[in-house]
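Some notes on the structure that comes next.
We did not get these values from a lab; they are worked out from the coordinates using the rules stated. Please read these numbers as outputs of a predicted model, since none were measured by experiment. FYI the Cβ positions are ideal-geometry reconstructions off the backbone, even for glycines, and counts take in every protein chain you see.
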Amino acid sequence: MRIAHNIAGMNTARNQGIVKGKVGKSLEKLSSGYRIVRAGDDAAGLAISEGMRAQINGLDQAIRNADDGIGMVNTGEGALQEVQSMLHRLETLAIESANGTYDDVARGNVEQEKGEILEEIDRICKYASFNENDLFDSDDPPLGIEPPQPSDKGDFRFQIGPREEEIMDVPRYHMGSKALGLDKMEFGTSKGANEAIDTLAKAVKAVTVVRSQFGGAENHLDHTHNSLSVTTENMQAAESRIRDTNMPEEIANFTSQNILLQATVSMQSQANAVPQSVLTLLQNA
């Protein structure tokens, strides 16, 4: 029996320190909700998890980009819807003015309304924008090209994925009275009004082409949004399985370690009591 070194107490204290560390880590996982709190918990799992988190963040932003793109093409398509409505009104006026029953005064009134409509078409096409981005090119278009005429200002480019090559382009077109060939129309005579009917038919067709481009882009972006949402959900589920705490399993582990800690505390008391029995021998000496 020795009193200089309490070997049993030292052993119990060492084991108690180990158990305390495990209880602390278990409490950390339970309170944070994460199985991997620091790299030492699972270095390989942390590396995989961080890579997946970066991809998830990229997917989330791509979803927002797709939503913004849908908003942009809807804005452009809505503007052209009103332009097309005005073109139909111009068609009605042209057919009306081409009728031989109209005199110069009546045709003059039709001509005035035509001018107001063309002015509004130009205003819409010039100022239609989304977040300060012009949706159409209102500059004078190249000569001798049938509408719709692509703009040299460049297409609209949407980043619809977390990787560089995941992009989508939507063409930008010249749009306005000149771009649609409407600036030369003349409703003041029956002959001029009759000739304008064919011009307006081509303009309506040109606007329909551009609206179709916007409609196709909207459908594309809708599918992109849905696909990205499913991918994000699956990626988050996979990342959760790697990084999140399995609460029932960790509670069971904490309970086990906590019982063991209480046992080591009790054994520490017993180990410290053993050397005190030497006093009995001294007292009896």
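Over the stretch 211-255, with a single point scatterer placed on each C-alpha, what log10 of the ratio I(q)/I(0) does the Debye formula yield at q = 0.15, 0.27, 0.33 1/Å? Summing over Cα pairs of the stretch 211-255 leads to -0.58, -0.88, -1.01. Across the stretch 13-28, coupling constants 3J(HN,Hα) worked out from phi with the 6.51/-1.76/1.60 Karplus curve, θ = phi - 60°, read 5, 5, 5, 5, x, 5, 5, 4, x, 5, 5, x, 5, 5, 4, 4 Hz, and Gly and Pro carry x. Separation of the stretch 1-76 and the stretch 94-142 by C-alpha centroid, Å? A separation of 64 Å, based on Cα centres. Only one residue of P248, I63, N194 has its Cα farthest out toward the positive end of the dipole of the chain, where Lys and Arg carry +1 and Asp and Glu -1 on Cβ, and that residue is P248.
Dividing the Cα radius of gyration of the stretch 65-161 by its Kirkwood radius returns 1.10 for Rg/Rh. Ranked by how many other Cβ atoms sit within 10 Å of their own Cβ, fewest first, the residues Y127, Y102 fall in the order Y127, Y102. Among the listed options (i) 0.97; (ii) 1.14; (iii) 2.08, the one matching Cα Rg over 2.2 N^0.38 Å as calculated from these coordinates is (iii). For D244, the residues whose amide H sits under 5 Å from its own are R35, ignoring neighbours fewer than 5 places away on the same chain, with H placed 1.01 Å from N.
When the pairs K184/K205; K114/K202; K126/K191 are compared against a 21 Å limit on Cα-Cα distance, K126/K191 fall above it. The order of R123, R172, going from fewest to most other C-beta atoms within 10 Å of their C-beta, is R123, R172.
The order of F214, F156, going from fewest to most other C-beta atoms within 10 Å of their C-beta, is F156, F214.
Bridgeable aspartates and glutamates around K29 (alpha carbons under 13 Å apart, same-chain partners fewer than 8 residues away excluded): D41, D42, D244, E249, E250.
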